[in-house]
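Have a look at the structure below, then the notes.
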Amino acid sequence: MEFFVSIALRAVAGSCLLTLLLGAGACDSGTSTTAPPVASSSAAGFFGGTDLAWVEITIAMNEELLPLLDLAPTHASDPGLRSLAAEVKTTHEQELSTLRGLHDEAKLPSENPHKGMPMPGMVTPEQVTQAAAAQGAAFDKLLAKHLQAHFEQGVKLAESEGKAGLEPRTKDLAAQVLAERRQFLAQLPATKSSGK
């Protein structure tokens with residue numbers, strides 16, 4: 001019995017930690033009745049609450065960013081930013097493949113409760129529409145702004161998974177994501193001079 005109580009407490013603690021990282025208004029629950037992530041066990045590993053939440057949030061953030069990245073080849077004027085967008089797209093698609101595998105292994109529900117929710121670093125359909133109407137320097141500015149927010153939030157979330165996660169492959173992926181987001185931040189034109 002104590003083992004199951006311990007699992008439940010870890011799941012709640014992981015969910016609370018991610019909620020604190022995202023901020024009080026990070027996820028607007030609206031009228032959704034989707035239950036928060038709880039601990040899950042599979043033959044390959046034990047997924048704690050932080051692992052489950054990180055997988056779902058990172059999937060949602062990556063999926064929501066892709067339509068913005070798709071605009072870069074035809075809308076961006078800065079060759080460096082166009083190149084960065086292509087690299088980010090490739091990296092995020094690779095991450096999504098691994099994340100979806102972890103998602104399925106953890107037996108998470110097919111509907112992602114984080115998809116489309118307003119939270120730091122999450123690109124919204126409205127922001128993609130606004131960016132699609134821009135060209136050249138105006139688009140570059142929007143793209144750099146959204147990428148910076150996405151990368152910064154990705155760093156926070158990956159650090160949280162690294163500290164509180166339990167499942168080894170999920171923690172390894174978070175470490176990889178953390179390194180990549182930091183590298184991408186350093187490549188952003190808006191952050192090169194600020195030392196981030």
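Tell me, yes or no, whether the stretch 114-127 has at least one residue that is among the hydrophobic types (A, V, I, L, M, F, W, C), outside any helix (DSSP H, G or I) and more than 14 Å from ILE57 (Cβ to Cβ). For the stretch 114-127, residues among the hydrophobic types (A, V, I, L, M, F, W, C), outside any helix (DSSP H, G or I) and more than 14 Å from ILE57 (Cβ to Cβ): absent.
Got at least one residue in the stretch 60-70 being of a type in the set (S, T, N, Q), at pLDDT 95 or above, in a helix (DSSP H, G or I) and surrounded by 17 or more Cβ atoms within 10 Å (Cβ to Cβ)? Looking through the stretch 60-70, at least one residue is of a type in the set (S, T, N, Q), at pLDDT 95 or above, in a helix (DSSP H, G or I) and surrounded by 17 or more Cβ atoms within 10 Å (Cβ to Cβ). The residues on offer are LEU81, LEU157, LEU69, and the sole one that is free of Cβ contacts under 8 Å to residues at least 24 places away in the same chain and within 17 Å of LEU185 (Cα to Cα) is LEU69. Within the stretch 63-87, the set of residues being within 13 Å of LEU142 (Cα to Cα) and acidic (Asp, Glu) comprises just one member, ASP78. Taken over the stretch 124-139, residues that are β-branched (Val, Ile, Thr) and in contact (Cβ under 8 Å) with a residue 60 or more places away in the chain amount to 2.
Restricting the stretch 128-139 to residues that are of a type in the set (A, V, I, L, M, F, W, C) and either over 21 Å from the mean Cα position of the chain (by Cα) or not in a helix (DSSP H, G or I) (or both) leaves a set whose member that is surrounded by the most Cβ atoms within 10 Å (Cβ to Cβ) is PHE139. Annotation note: Cβ proximity below 6 Å between a residue of the stretch 179-195 that is within 13 Å of LEU147 (Cβ to Cβ) and buried (at least 16 other Cβ atoms within 10 Å of the Cβ) and a residue that is modelled with pLDDT under 95 and not polar (S, T, N, Q) (sequence gap 6+ or interchain) occurs for LEU185/LYS196. Does LEU142 qualify as being part of a helix (DSSP H, G or I), surrounded by fewer than 17 Cβ atoms within 10 Å (Cβ to Cβ), in contact with a helix residue (DSSP H, G or I) (Cβ under 7 Å, 6 or more places away or on another chain) and in contact (Cβ under 8 Å) with a residue 12 or more places away in the chain? Taking the combined requirement at face value, the residue does not satisfy it.
Going residue by residue through the stretch 172-193, is there one that turns out to be farther than 14 Å from LEU81 by Cβ, modelled with pLDDT under 95 and of a type in the set (Gly, Ala, Ser)? Among the residues of the stretch 172-193, at least one is farther than 14 Å from LEU81 by Cβ, modelled with pLDDT under 95 and of a type in the set (Gly, Ala, Ser), which makes the answer yes.
The values are calculated or read from the model by the stated rules, or taken from the named source; none is laboratory data. None of these values were measured; they are calculated from a predicted model. Positions of Cβ are generated from backbone atoms using ideal geometry, with glycine treated the same way; all protein chains shown enter the neighbour counts.
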